Amino acid sequence: MKRSLFLVTLAAVVALAAACQQNEQPVVVPQVLRVIATVLPVENLTLAVTQGAKNLRVEGLLPQTAGCPHDYSLTPGDMKKIEQADILVAVGLDYEPFLDHVRENRGPDFNILLAAADVKPLADAAAADEATGQRRHVAFNDHPFVSPQQAAIMARTIARELTKADTADEAILQANANRLAAALDAVQADLAAFVATLPSKKVVAVSPIFGYLLRDSGLQPAAVLIPHHDDTLSAGRLAKLTALLKKNHPALILNEDQFDEKIARALGDEIGVRVITLNTQTSGRRGPDAFLAQARAMAAALKEALRGGH
Ligand SMILES: [Zn+2]
């Protein structure tokens, strides 16, 4: 009786010891990486690329309504978010000047993913602005995401770079990026094929935001009303452009969703050309399907307006 009790106790001790030993072994729990995207265009591209990925959680940094961050200064709240992030996804091409501040704060080891790293930069139209003759120091156009073709490149870059941090989700990231890039390339190809049939390909853009889109679609920029996003349109410049464009008649004036259409209409009324406002991905919906839906709607609206212009 005593002996069997001893054996039972011994068995319990052995079992307990084994359990303790098991607990001491490192438990492999997949770490969920916190991915912060600076602005809506890269937030939506990242949401699309990471849809269904188990180890990535995507959040936006700037509010959905922030628009281009050319003059944006990070708030203490933004810095706190960045401090908790594992990866910061940005457009790059100096679209977010505040990245210098982030690099200073988080040091050289912090993972900043530049989505436009593989985009071939377009020289800024304002560098040789024919209406004013002014030359200003802006190296490259920093709005590649408006062009579906460049957005496709960015989606592939995001997937490739996120895979380096999250190898477990590689297959899903690659499949999402391939599908999105193919759909965006199809939008661009369709638009370019349509533009090729037009007798006049000249358009006026309200700002440089359409630079990549115009180039990739085969459209020719006759003028840019406001060469920099922080400028305003002066009466003198409007008069010069009006005189120029009465001779060099464009098919359409493209306004962007960040601007009041009144600015472009002031010119449109003078030269008798229609104005259309397009979504530039800097505002709109947030979600994994938002980027592609907005690109498709933008291309359809542009085709419709160009068709009406002839
Ligand atoms: Zn801008």
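The values are calculated or read from the model by the stated rules, or taken from the named source; none is laboratory data. The structure presented is a predicted model; accordingly, all values stated were derived computationally and were not measured. Cβ placement follows ideal geometry from the backbone for every residue including glycine, while neighbour counts extend to all protein chains displayed. Heads up: the accessible areas ignore ligands, DNA and RNA and are worked out on the full protein's heavy atoms, side chains in. Shrake-Rupley method; radii C 1.70, N 1.55, O 1.52, S 1.80 Å.
Whole-percent P(r), segment 40-180, all Cα pairs, 5 Å bins from 0: 2, 9, 18, 21, 19, 15, 9, 4, 2, 1, 0.
Each Cα pair under 8 Å and six or more residues apart adds its sequence gap; the mean of these over the residue count of the chain is a relative contact order of 18 percent. Segment 166-206 and segment 144-165 have Cα centres separated by 11 Å. For Val89, nonlocal amide neighbours, meaning residues 5 or more places apart or on other chains whose placed amide H falls under 5 Å from its own, are Ile36, Ala37, Thr38, Leu113.
Separation of the alpha carbons by more than 28 angstrom is noted, of Lys81/Lys164; Lys201/Lys240; Lys80/Lys120; Lys81/Lys262; Lys81/Lys120; Lys120/Lys240, for Lys80/Lys120; Lys81/Lys262; Lys81/Lys120; Lys120/Lys240. Here's how it looks for Ala222: its modeled amide H is under 5 Å from those of Val203, Val204, Ala205, which are all 5 or more places away or on a different chain.
Just the number, please: percent antiparallel of the DSSP beta bridges in the chain, rounded to the nearest 5. Counting DSSP beta bridges with both partners in the chain, the antiparallel share is about 5 percent. Among His228, His70, His101, the largest mean-square fluctuation in a Gaussian network model of the chain, built with springs joining Cα atoms closer than 10 Å, belongs to His101.
Comparing Cα centroids, segment 31-105 and segment 216-235 end up 28 angstrom apart. Rounded to the nearest 20, the size of the Cβ-charge dipole of the chain about its Cα centre is 600 debye, with Lys and Arg at +1 and Asp and Glu at -1.
Relative to its residue count, the chain spans a Cα convex hull of 154 Å³ per residue. Could you tell me the calculated FRET efficiency between His249 and Asp190, based on Cβ-Cβ distance and R0 = 22 angstrom, to the nearest 0.05? It comes to 0.25. Of the residues Ala295, Ala239, Ala152, which exhibits the maximal mean-square fluctuation in a Gaussian network model of the chain defined by a 10 Å Cα contact cut-off? Highest fluctuation among the options: Ala239. Residue separation of Lys120 and Lys164 scaled by 0.36 nm, minus their Cα-Cα distance, works out to 13.6 nm of gained length.
Beyond 18 Å, the tail of the calculated P(r) for segment 131-279 holds 63 percent of the Cα pairs.
Looking at the chain, the accessible area is 49 square angstrom per residue; that uses a 1.4 Å probe and ignores ligands, DNA and RNA.
Return, ordered by residue number, the residues of segment 158-195 whose backbone nitrogen is under 13 Å from a label point located 7 Å along Cα→Cβ of Asn111. So the set is 158-170. Calculated [222 nm] ellipticity per residue, helices only, for the chain: -15000 deg cm²/dmol; basis is -39500 (n - 2.57) per DSSP H run with n ≥ 4, divided by all residues, nearest 500. Pairs of Cα atoms nearer than 8 Å and 6+ residues apart set the relative contact order; for segment 199-292 it is 28 percent.
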